[in-house]
Amino acid sequence: MDDDRTPYGGPLGVAGAVGPAVTTPAGSIAEKNPEKKSGRPRWKDNRVYNLGTLESLKALPRHERKLAAQAYAYTHIEERGKSKEFVAQKLGVSKRMVTTYVDHEKAFRQAKEQRKQDRVRVAEAREQQKAQRQGRVYLKAATETPELVVAGRDTVEDERGRLRRVLDLGPGGAEMDLPALRAHAIERIEADALFWLQNFTKTKNPHWKREKFGGPYQAFPSTSRYPFLPFLFEQFRNQDEPVILVKKSRDMMLSWDVVGFYTHMAMTGQEQEVLFQSETDPKAEELIDYAACLWDQQDEWLKERFPLVKSLDKQRKDTLEFANGSALRSIPQGGNKVRSFHPTEFMGDEVSFQPEAGESYDTVQACAQKVIQVSSAGPGWFEDFTEGDLANDPATVDVMRGVKTWRTKNGLLVIWLHYSAIPERDPLLNPKWAKRERKRYSSQARWDQEQEIKASAGGGERVFAEVMDAKRGLIVIDDPNYQPSPYWNYFGGFDYGKTNPTSFHIYCIDDDGDIVALGEHYQGGNLEPSSHAAMMREMFYFRRVSVIWCDPRIFDLVQAQRTGGYESTAQLFGIKIMRPGTRGESLMIGKVQEMWKESPPRLKICCPRGISWEKKQEGTFNFGCPNLLWELYNARFEEATAAQLLNKNAPEGIAQKNNHALDDLTYALNSEPTVSKPTKDVQWAKALKARRDAGKPMDINTLAMLWKREQAQREQAGGIQWR
C-alpha cells in the first residue's frame, strides 16, 4: 500500500487525528485470537484505537483495519449524529463505502445481540428440563414473574401464603385473612380462564411416567413453557372472532386448552351450553372426562363456589352439568348429530379426520356464538376451508416463533401452531428433540403431516420434491423477460373438472426436444365449458398452439341434446384442436424424472419472480405456471395400508388429491409431442459449430465461401424456409 493512501483505496485526506478514539464494545474490535483463521475474529479484551494517522492504521492487522473503520463510522453516525460526509472525509473513502461500513457494523451488533438472547433462551429451556426431571413445575402469577412451586418431595406452603404469592397483592396482602384472599382469588378466577387453569387446578398428564413426574396430576403448563397460551386465550375470549380455525402440530395440548377455556366458561357463567364433537364416542367422552378432572382437582372451597348439579359419579359420560344451568356435552362425528342441539359454544376436535366436518360446521355456526375448530394436518374440508385469500394477502402474520395467523377467503381467523412454539422443542434451542421424535415415525411423510402441519403429506413419499429442491434454479424459469421462439412447436394439455379445478397448460418444444411450460389456466367454481374456453382463448400463446391433448373420457358421447342424440363434453368447448391424450401416471413420472436427471433439465417451467407457488392459487396466468409447480412439488405416491399390502403390490400412482395439473401434464407428455424442425439459421449455426468442434479451418475466406453456398441454396429453394 502506498504511503499516500488509506487501506481502503482512497486518499488519507487529513493528517493527524481524525477525531476522538473509538472504544469498541466487548466482542467488536479488540485483540484477535491468533487461532481463528477466518471470519469475524474472536477477541480477548477491549482496546482503544486512534484512527488518526496513516501509521496507526497501518500498524493494525489487515482485518482489524476494516473493523476499526466500521466501528468508527457507526459510532460517529449512529451514536454521535455526525454526517456521512464528515466520516468519509476523515477516513478518506466514499460516502457509499461509509454506508457499507455502518450497515456491516449494525448487522454485526444485531447478530451479537441475537446470539446473546439465544443463549439466554437455551439456558432457560435447560433449566426447565432440569426442573421437570426433579419433579418441579413452573407456575406464572399475575405479575408475569415465574414462581417455582415444589411438588412431591418438598414442603407445600399453606393456603394463605400460596394465595398471597399467586394474587401478588403487594404489602397490603400480608394483612388479609383467608376469606378476603379467597374473595380476591374468585374475582380473578371469574375474569381469567388461564389464571384459573395455571394456579387453581391440575391437569392429567398421560405421559407422566415417560416425563418422570411424580404422578399423573400436574399443574397446567406455565407461560414460560408454552409462551403462546396468553395469545390463544385472548383469541378465545375475543367476541369479534366468531370462528377460530386452528391448524397444529401433534401433542400441543391444544384440545385441552380449548376444553379448559370452555370448562371455565360453563363453571363461571350462566346457562351456557357447550358442545364438543370428536371422531368417536370414546374420544368425545375423553374431552368431558378432562373437563371433569379440571373441576375435581380444585380446592374444596372452589368446588363449593362453582358446584355441579350432581356429583361426578352420577353424571353421564358424555355430559358435565353445573348447578348454574351450564353444561358441557360431547357427541361423535356426523353432520346430523349436531342438529339435535343448539349450543352457545362449539368445539370440533381433529376435524380433518371427520368426513362430515363441513356439514357439522354449516349446521352449528347458525346458532353458536363462537365456533373453535382444532385439527392436525390432513387433506379434506378443513384444509381447503383454511386456505388464505392469496389475492389480497399480506395476510400471514408472524405472532411469535411457531405461531402464525391469516384470514380465509371469508375473513375467518386461522391460527397456525407449530411445535417450535414450545421452547424445549424449538430446533434452535434443542435440535435433539426433533431428531429423537422423527425416529418414532415410520416415514418422512408421516412426520411432515403430523408435526410440520403439511396436509399434502397424507400419501406416501414425495415424487419430485428432492430433485426440485436440488435443481430449482435450473427447472424454474423466473426471468420475466424470457421469450420462447415463435418457430417452436406449441401444444397444450387439458384436464376438465366440473367440481374440481379445470387445468390447461401451454407447452412448447424446441428442436432439441426440450419442453417448456409457459402459461396455465387453473380455475374451479363450476364454470361452464364455454366460460373456460373463452378464458383459454385469451391466453397470450394460445394462437400458436397446434394441438391440445385431453382426457380421452371427455370425448365420450354422454351429453344428451334437446334435438336428439348425444355429443361429447369436448364438443361443448368448441375448440377444434382438442385430441384424446394418453393416460398413465407411471409413464409420466418416469418421463419427468428422466428429463430432470439430465443437465441442464429438459423440462422447464416458467414462473416469474413475484408469483409464489407455495400455495394453490386459482386463475389464468399468461406467463407462469405456479399451480403446476405446486402440484409437482407436493405430489406423493399413493400409500397402502398394511392390510392392503397383504393382498396386492405397493401402488405406483400419485395420490388422487390436488393432481389436476399433473393430469394435463400426463396427457401432454404421454402423447409424444413433435420435436420442432430447426430453422435454416439454426442449421447454419449448428454447421459452423460442427466445423469448429471438428477442428476444420474457420478463416474468413472459408466462412465467406460457406455463406455464399448457403445463400445460393436458399434462393434455389424459393427464399428462406423457416420450417
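List of remarks:
- If you go through region 258-290 and pick out every residue that is touching a helix residue (DSSP H, G or I) at 6+ places or on another chain (Cβ under 6 Å) and farther than 12 Å from Ser330 by Cβ, you end up with 6.
- Of Ser531, Ser503, all but one fail to be assigned by TED's automatic domain parsing to the domain that holds Ile554 and free of Cβ contacts under 8 Å to residues at least 24 places away in the same chain; the exception is Ser531.
Yes/no matrix, rows are residues, columns are (1) at pLDDT below 95; (2) under 22 Å from Gln365 (Cα atoms); (3) under 39 Å from the mean Cα position of the chain (by Cα):
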| residue | (1), (2), (3) |
| --- | --- |
| Thr268 | yes, no, yes |
| Phe276 | no, yes, yes |
| Thr280 | yes, yes, yes |
| Leu302 | yes, no, no |
| Val309 | yes, no, no |
| Asp313 | yes, no, no |
| Arg316 | yes, no, no |
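- Search result, residues across region 337-368 that are surrounded by fewer than 24 Cβ atoms within 10 Å (Cβ to Cβ) and among the β-branched types (Val, Ile, Thr): Thr344, Thr363, Val364
- Some residue of region 177-189 being within 29 Å of Met400 (Cβ to Cβ) and within 33 Å of the chain's Cα centre (by Cα): no
- Set Pro501, Pro484: member being at negative phi and in contact with a His (Cβ under 6 Å, 6 or more places away or on another chain): Pro501
- Highlighted here are the strands (runs of 3 or more DSSP E) found entirely within region 506-585 that include at least 3 residues which are closer than 18 Å to Leu665 by Cα and not β-branched (Val, Ile, Thr): 515-523, 545-550, 578-580.
- Among the residues examined, Gly380 does not qualify as under 15 Å from Ile331 (Cβ atoms) and either within 25 Å of the chain's Cα centre (by Cα) or outside the structural domain of Ser278 (by TED's automatic domain parsing) (or both).
The values are calculated or read from the model by the stated rules, or taken from the named source; none is laboratory data. The model shown is predicted, which means the values in this text are computed figures rather than measured ones. Cβ atoms come from the backbone with ideal geometry, glycine included; neighbour counts cover every protein chain shown.
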